[in-house]
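See structure below.
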Amino acid sequence: MAEDLTFDMEFSPAYGMAVPAADGVQRLTVNNPSPFTFHGTNTYIVGRSSVAVIDPGPENDAHFDALMAALRGREVTHIFVSHTHRDHSPLARRLKDATGALTVAEGPHRAARPLHAGEVNPFAESSDTGFVPDIAVADGEIIEGDGWALAAVHTPGHTANHAAFALQGTGVLFSADHVMAWATTIVAPPDGSMADFMASIEKLLEREDRIFLPGHGGPVKEPASFLRGLRTHRRMRERAVLERIRAGDRLISDMVRVIYASTDPRLHGAAALSVLAHLEDLIEKGRVATEGPPSLSGAYRLV
C-alpha cells in the first residue's frame, strides 16, 4: 500500500545554542539557511563527558565558536562526517586541530560514476575534495566511545560516499542528507545516483530505527512510514518523466517546466539534475534511450 509523503516544516534552528535532540544527543544548527539547506546544517554532539561530533558543518566562525563553547570541559574523541559537501565537512579540519579528535567517514569525495567526455560536474564547487578521514569506516563497522557506539550505515545516492550513523541501543539514526523531514534529497549526477539512492531507501526500510535525526531540519519521527512515502514519491517522479517523454517532450528543460511547475524556480536547476538522475536509471533499465551518454542537453525517447 502506497503512503503519502508529508513534510514537516516546523523547526526552530536556535542558532548558537546546543539544544537536546535525543537522550545523550545535542544539536547545533549552523546559520547557513538556503533553498538547499532549509534553516541550516545540523551538527550533533553525541555523549556526555567524552563525545563524538557528527557533521561539524561549513567554515563558519560563529558556528565554530558556539560548538567549542558547547564542548567546553568535554573530551572530543571522534568527528564523524556523513558526506563531503561543503555545508557538512569543512569545519572538521579546524575542530580536529582544536581537539585532536579522529575524523571518521566512508571515504574521500568521489563521483558516483566517471564524468563523460566534455561533461562538467555542476556540484564540483560544492564538494569538499580535500577531506580525507583518519578512519575510513566500513558498512556496519562500529566506532565506540565512552558511553556511546556509532555504527556506519552506508547510504550512497545523494553522494557516493554518503553514510548514516546509528547510535547503538537507542533506535536513533543520524540520516544526514539521505532522509530529511522537510524536503526530498537532491540526487544530482555525476555526484549522485538515483539507482543507489533507491537501493539505500530499501536498505533503511530493512532496519528498525525509531527516529531519524537529519542533516537539515527536524527529526523524522516515523521513519518506516516516511521511507515508504519517499519511495512512492520517487516512483511517481519516474512515471512523470516517462509520461512527459510519451507526451512528446525530448529535453529535460521541457520536462522540468511541467513536472516542477509549482517548485521554487531557484530550484529548477537542481530539479533538472534530478530528472537526469531518473533518466540515467531508466536508460540502465532499458526503458529510455538517447544518443551518446545521458546529459542535461540530450534528447530522450522511449524504447
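In percent, what relative contact order does the chain have, based on Cα pairs under 8 Å that are 6 or more apart in sequence? Walk me through the numbers on the way to the answer.
Values: 634 pairs, mean separation 45.0, N = 303.
Value for the chain: 15 percent.
Could you tell me the largest-minus-smallest coordinate of the C-alpha atoms of the chain on each of the three principal axes, in descending order and whole angstroms?
Here the Cα extents, ordered largest to smallest, are 63, 43, 33 Å.
Give me the angle, in degrees from 0 to 90, between the Cα long axis of helix 223-246 and the longest principal axis of the Cα atoms of the chain, rounded to the nearest 10.
Helix 223-246 sits at roughly 20 degrees to that axis.
Could you work out the Kirkwood radius for the range 114-256, taking every pair of different alpha carbons, averaging 1/r and inverting it, reported in Å? Numbers along the way, then the final one.
Working: mean 1/r = 0.0594 Å⁻¹.
Roughly 16.8 Å, rounded to one decimal.
Rounded, prolate or oblate, given the Cα gyration tensor of the range 1-142, with a/c below 1.5 counting as rounded?
Verdict is oblate for the range 1-142.
Just how large is the dipole of the range 206-303 about the Cα centre, in debye to the nearest 20, putting +1 at every Lys and Arg Cβ and -1 at every Asp and Glu Cβ?
Values: 17 positive and 13 negative charges, 52 e Å.
Roughly 240 debye, rounded to the nearest 20.
Specify the angular offset, from 0 to 90 degrees and rounded to the nearest 10, of the alpha carbon long axis of helix 61-71 from the longest principal axis of the alpha carbons in the chain.
So the inclination is approximately 50 degrees.
What's the angle, to the nearest 10 degrees (0 to 90), between helix 268-284's Cα axis and the longest principal axis of the chain?
70
Starting from the amide H of HIS85, placed 1.01 Å from N in the peptide plane, find each other amide H under 5 Å away whose residue is 5 or more places distant or on another chain.
Sorted by chain and number, the residues that satisfy this are ASP128.
Going by Cα centres, the range 1-50 and the range 114-166 are how many Å apart?
19
Please give the calculated 222 nm ellipticity per residue for the chain, where each DSSP H segment of at least 4 residues contributes -39500 (n - 2.57) and the sum is spread over every residue; nearest 500 deg cm²/dmol? Display every interim value, and only then the final one.
On the way: 6 runs with 81 residues, N = 303.
One gets -8500 deg cm²/dmol as the mean residue ellipticity at 222 nm.
Read the figures in this text as sums done on the coordinates, not as results from a lab. The model shown is predicted, which means the values in this text are computed figures rather than measured ones. We place every Cβ from the backbone using ideal geometry, glycine too, and count neighbours over all the protein chains shown.
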